[in-house]
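Read-outs throughout are calculated quantities, based only on the coordinates presented, and are distinct from any laboratory measurement. Predicted model, so just to flag it, every value in this text is computed and none were measured. When we count neighbours, we look across all protein chains shown, and the Cβ atoms used for this are built from the backbone with ideal geometry, even at glycine.
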Ligand code: ADP
């Protein structure tokens, strides 16, 4: 279930966002951005106010997957804030919309850019901000979670102190509402999923779903499994050991790939579709 965010404890730019959901993968090319963009547009189609934050500063994919008319982020010089660009009602922020940025950046510079883009953007009232995380469990992810968790630690401290005095159960407050992990059926990918789940659990962010992407495709009335069928043992481990409630299959869909390249996102609006089910399981009511 979605956790509450105490808005007054968050950086100014994030105060008006109800849920922040990270879409993550340990490897590149498994379909993380495709899932992130589809989740965002599926939610928007269901009537939610949605934004996408592309946190991959080295290889931003949002500008390819979504083609807004205005391909540059604007600055509000008075407030020194960033105004997101927009496509089909969804607010978009990506380093790829920031004009000619530097191609080579050291770690601390990247952290600074992510911090600035995320927290000084005028997101406005949003039900969901979907964060397309860069692949891996490295520096950028931790920076991002620290940006979000610096405030949390203060809240947690106060929360613990107060709750121990009053004698109530402490309620953990985390600005990242939930994480969705994307993988492909190969064994190695599932080992990586475990790494991702551990990282988020250290940060007290619940992993609500694992999406097994490109698991199969149907042709000539037959079903094909191009990467094998995945190891049931691995799947069980992810579900049982880490308590991930939902494992979804997303088949290879030629239309999904074509839409990713054309800049017009495919909306998987069918409420029975696998992508929509993730959100039903997030406890989404929009
Ligand atoms: P990542 O963000 O993990 O690097 P992408 O979302 O950019 O991966 O996907 C890599 C490529 O695979 C893209 O060209 C995308 O269109 C394609 N792709 C991803 N998932 C699917 C799918 N289920 N069916 C067809 N093509 C897909």
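Under the simplified labelling scheme, the residue 80-residue 261 pair shows an inter-label distance of 4.4 nm, with each label point 7 Å from Cα along Cα→Cβ.
Net length available on complete extension from residue 18 to residue 115 is 33.0 nm, with 0.36 nm assigned per residue and the Cα-Cα distance removed. Among rounded, prolate and oblate, which fits the stretch 29-97 when a ≥ b ≥ c are the square roots of the eigenvalues of its C-alpha gyration tensor, a/c under 1.5 means rounded, and a/b larger than b/c means prolate? It comes out oblate by the Cα gyration axes.
Between residue 98 and residue 125, what FRET efficiency follows from the Cβ-Cβ distance if R0 is 30 Å, with the result rounded to 0.05?
Once the sixth-power term is evaluated, E becomes 0.80.
Measuring nothing but how far apart in sequence close Cα pairs (under 8 Å, 6+ apart) lie, relative to its length, the stretch 28-94 scores a relative contact order of 34 percent.
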